[in-house]
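What follows is a single structure, written as structure tokens, with notes after it.
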């Protein structure tokens, strides 16, 4: 199998030799349109997730196109659009500024006047990222295509979820797979922190009617209290509870059906790769022991895909390549293929 070039400066250059999964599909003929957002401005621990889209793209030709679960829905067309150069350029500029703000917080517990000005600049730039993703997703939806996003850190899909919230007037749910609850309010002062994505989703004018979280095992008291205050609207399947159920022989199939039953007819899947056990994402920015195996995650997607519900969009975030080998990109590409496949199937394509 031919591998995608690895010495390109951007995905846009790499696609000249073949698209995602080495498919030659054009934007016009594809039903699933992928947008790369190489962005990690507010990351507060490990870095490298802005290189995730390229790592996934480079590894994607290694994925065989036939899948035993859903056949060959790729024939409807998966296309990764060229990157908006704003993302990588602005990410490089703002990340340096954001790190100075984080350092000031860590050293003094507050922000100097200069850091407050820097924080404002970072927040403006992050808001522009959200706006660009929003406008891009609106254009994809206007073409009656299915939007998918490849981050980047987990702040990147807010604009996409906002666009879908307006299209469906909030009549859809979010399946959030992650190690973290991501419900902090403006973490470290950053309005669009990667640790605040689901809090920001809940604050949308026409917010999704339901948020179902899976794999959560690292969260603060503020987030736990917010979950409890929003029972009914937010259902969190903590990793500890899931594992306890498995240890008591409940069965993963039973757990997955409980999760999917909580979701409405239309579903957006937001997948942070650190929802998986760190063996599958060793270089992700904020790895946490525990989590889902690859097969547990794909089985959950399978239960969703066979439930009669429709995946209206999705994202895959926080994949970060290592210095040696492309394991993280390989795992990310295979999870992306599953997300694309089930999105296609639940929209009437494939099996």
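Specify which of the listed residues (211, 203) is on the phi < 0 side of the Ramachandran plot and either exposed (fewer than 14 other Cβ atoms within 10 Å of the Cβ) or out of contact with any strand residue (DSSP E or B) (no Cβ under 8 Å at 6 or more places or on another chain) (or both). Lay out the reasoning, then the answer.
Values: 211 fails: either exposed (fewer than 14 other Cβ atoms within 10 Å of the Cβ) or out of contact with any strand residue (DSSP E or B) (no Cβ under 8 Å at 6 or more places or on another chain) (or both).
Within the list 211, 203, the selection yields 203.
Is it the case that residue 15 is under 21 Å from the mean Cα position of the chain (by Cα) and at pLDDT below 95?
On the way: under 21 Å from the mean Cα position of the chain (by Cα): no; at pLDDT below 95: yes.
No.
A quick yes/no check of all residues on (1) assigned to a loop (DSSP other than H, G, I, E, B); (2) touching a strand residue (DSSP E or B) at 6+ places or on another chain (Cβ under 6 Å); (3) surrounded by fewer than 24 Cβ atoms within 10 Å (Cβ to Cβ):
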residue: 290; (1), (2), (3): yes, no, yes
residue: 315; (1), (2), (3): no, yes, no
residue: 329; (1), (2), (3): no, no, no
residue: 334; (1), (2), (3): no, no, yes
residue: 345; (1), (2), (3): no, no, yes
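Within segment 64-80, how many residues turn out to be surrounded by fewer than 19 Cβ atoms within 10 Å (Cβ to Cβ) and not in a strand (DSSP E or B)? It would help to see each step written out before you state the result.
Applying the first criterion (surrounded by fewer than 19 Cβ atoms within 10 Å (Cβ to Cβ)) to segment 64-80 yields 64-66, 68-69, 71-72, 75.
Imposing the further condition that a residue be not in a strand (DSSP E or B) reduces the set to 64-66, 68-69, 72, 75.
The qualifying residues number 7.
Check 137, 156 and return the single one that is buried (at least 22 other Cβ atoms within 10 Å of the Cβ), in a loop (DSSP other than H, G, I, E, B) and at negative phi. First the steps, then the outcome.
Details: 137 fails: in a loop (DSSP other than H, G, I, E, B).
Going through 137, 156 in turn, just one is buried (at least 22 other Cβ atoms within 10 Å of the Cβ), in a loop (DSSP other than H, G, I, E, B) and at negative phi: 156.
Can you spot a residue in segment 172-185 that is surrounded by fewer than 22 Cβ atoms within 10 Å (Cβ to Cβ), touching a helix residue (DSSP H, G or I) at 6+ places or on another chain (Cβ under 9 Å), modelled with pLDDT under 95 and farther than 20 Å from residue 35 by Cβ?
No: zero hits.
Among the listed residues 297, 250, which satisfies the condition of being modelled with pLDDT under 95 and more than 21 Å from residue 199 (Cα to Cα)? It would help to see each step written out before you state the result.
Values: 297 fails: modelled with pLDDT under 95.
It is 250.
Considering each residue of segment 261-276, count those that are farther than 18 Å from residue 151 by Cβ, out of contact with any helix residue (DSSP H, G or I) (no Cβ under 7 Å at 6 or more places or on another chain) and buried (at least 20 other Cβ atoms within 10 Å of the Cβ), and give that number. Can you show your working first?
Kept after step one, since they are farther than 18 Å from residue 151 by Cβ, are these residues of segment 261-276: 261-267.
Those still in the list that are out of contact with any helix residue (DSSP H, G or I) (no Cβ under 7 Å at 6 or more places or on another chain) too: 261-265.
From what is left, the residues that are buried (at least 20 other Cβ atoms within 10 Å of the Cβ) are 263.
Summing the residues that are farther than 18 Å from residue 151 by Cβ, out of contact with any helix residue (DSSP H, G or I) (no Cβ under 7 Å at 6 or more places or on another chain) and buried (at least 20 other Cβ atoms within 10 Å of the Cβ) in segment 261-276 gives 1.
Which count do you get for residues in segment 216-245 that are surrounded by 14 or more Cβ atoms within 10 Å (Cβ to Cβ), within 20 Å of residue 291 (Cβ to Cβ) and over 22 Å from the mean Cα position of the chain (by Cα)?
Of the residues in that region, 2 qualify.
Do we have residue 57 as buried (at least 20 other Cβ atoms within 10 Å of the Cβ), part of a helix (DSSP H, G or I) and touching a helix residue (DSSP H, G or I) at 6+ places or on another chain (Cβ under 6 Å) here?
Yes, satisfied.
Being free of Cβ contacts under 8 Å to residues at least 60 places away in the same chain, surrounded by fewer than 17 Cβ atoms within 10 Å (Cβ to Cβ) and closer than 25 Å to residue 337 by Cβ is the requirement here; does residue 253 meet it?
On the way: free of Cβ contacts under 8 Å to residues at least 60 places away in the same chain: yes; surrounded by fewer than 17 Cβ atoms within 10 Å (Cβ to Cβ): yes; closer than 25 Å to residue 337 by Cβ: yes.
Yes, satisfied.
What is the number of the single condition among (1) more than 30 Å from residue 244 (Cβ to Cβ); (2) crowded, with 18+ Cβ neighbours inside 10 Å; (3) modelled with pLDDT of 95 or more that residue 190 does not meet?
(3)
The values are calculated or read from the model by the stated rules, or taken from the named source; none is laboratory data. As the structure is a prediction and not an experimental result, all values here were calculated from the model. Please note: Cβ atoms are built from the backbone with ideal geometry, for glycine as well, and neighbour counts cover all protein chains shown.
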